[in-house]
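In what follows, a single structure is set out as structure tokens and then discussed.
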Amino acid sequence: RGARWRRRRRQWLGTHRRVHDSGSGCRTANTYRPVGAVLRKRLSPRTAKARYCPQSHEAKNLENGAVAASEQAGEAGNSAEYMSGGPDPQRRRLLRSATAALAAVGAGLTAVPFIESWEPSERARALGAPVEIDIGALKPGTLLTTQWRQKPLVVLRRSAEQLAELPRLNDRLKDPLSRQPQQAPDLAHWSPIQRSINPEYLVIVDVCTHLGCTPQYRSEANAGSLGPSWPGGFFCPCHGSRYDLAGRVMDGSPAPLNLPVPPHYYRTPTVIVAGDLANGAESNWSPEQW
């Protein structure tokens, strides 16, 4: 009675497993449902048989042990990596170098078109390019006019009388020896009084240094409208600035500086190249004031 009572008590409290050995190494377990659950659900007691094999159980234990070992190894690696201060330093340096290289390439590709936009266009280069002037047909006392950098460029062939008059005017001029940088440097055989590399030919940019007007060539001396002291030269009708036959500004004129003399050289005895020197050193020249 005591054993029967205890067995029934276990049935009421929970599942009771009765194990039988079938002699093949595997055992059969009978599982009984609690009597209370059977009564509550109004079900008849059933017996579920499950085979218990030691071999499969041990294999499953080994598999679970391998999985647990791999997880522990991963945790140990992560812990070691964390304790060492992060990822591999060499790999981090490689990633930084690659990122910096890509950023430099991107910046270069972006900067190239931006820098190219600063360069002058083909049209601008053509306007600022040197010009060739044929002076073979030019007679003494006459001039010819062409364009350079969209400005009037004048070549005057002076007579012997006109050249002889130039030194006598030094006392009436603001800058008689051309000390102001209104002419290109390093001009071959430069004469500061005649302001030319060939005494006979004067090459100037005909732009008044006062307000940018165009002075007129007035070769006659003692012109009635300009007074008896007029020696001949260039007269600006805008505000009355006066220049002699070397482009030097006279005292009393509103213009502050002499007329600009651009860089030029003689390719042949009758061809002048204006706008640069023979060595190409003054292609970007500009005076102190146009």
Counting sequence-distant residues (5 or more places) and residues on other chains, those with an amide H built under 5 Å from that of VAL271 are ILE135
Carbon/sulfur accessible area of segment 169-251, % of total, 1.4 Å probe, equals 50 percent
Would you kindly calculate the mean projected area, averaged across all directions, of the convex hull enclosing the Cα atoms of segment 140-195, in square nanometres? 5.0 nm²
Take the Cα radius of gyration of segment 155-256 and divide it by 2.2 N^0.38 Å, with N its residue count; two decimals is plenty. 1.00
Ranked from highest to lowest mean number of other Cβ atoms within 10 Å per residue, what is the order of the peptides 254-264, 192-202? 254-264, 192-202
Counting only heavy atoms of protein chains, what accessible area per residue, in Å², does segment 223-275 have with a probe of 1.4 Å? 31 Å²
For segment 192-197, in residue order, the Karplus 3J(HN,Hα) values (coefficients 6.51, -1.76, 1.60; θ = phi - 60°; whole Hz; Gly and Pro = x) are x, 7, 7, 6, 7, 9
Need the C-alpha centroid separation for segment 154-220 versus segment 235-290, integer Å. 7 Å
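The values are calculated or read from the model by the stated rules, or taken from the named source; none is laboratory data. Because the structure is a prediction, the values reported are computed rather than measured. Counting neighbours? That spans all protein chains shown, and the Cβs are built from the backbone with ideal geometry, glycine included. Each accessible area value is taken on the protein alone, full model and side chains, heavy atoms only, with ligands, DNA and RNA left out. Shrake-Rupley method; radii C 1.70, N 1.55, O 1.52, S 1.80 Å.
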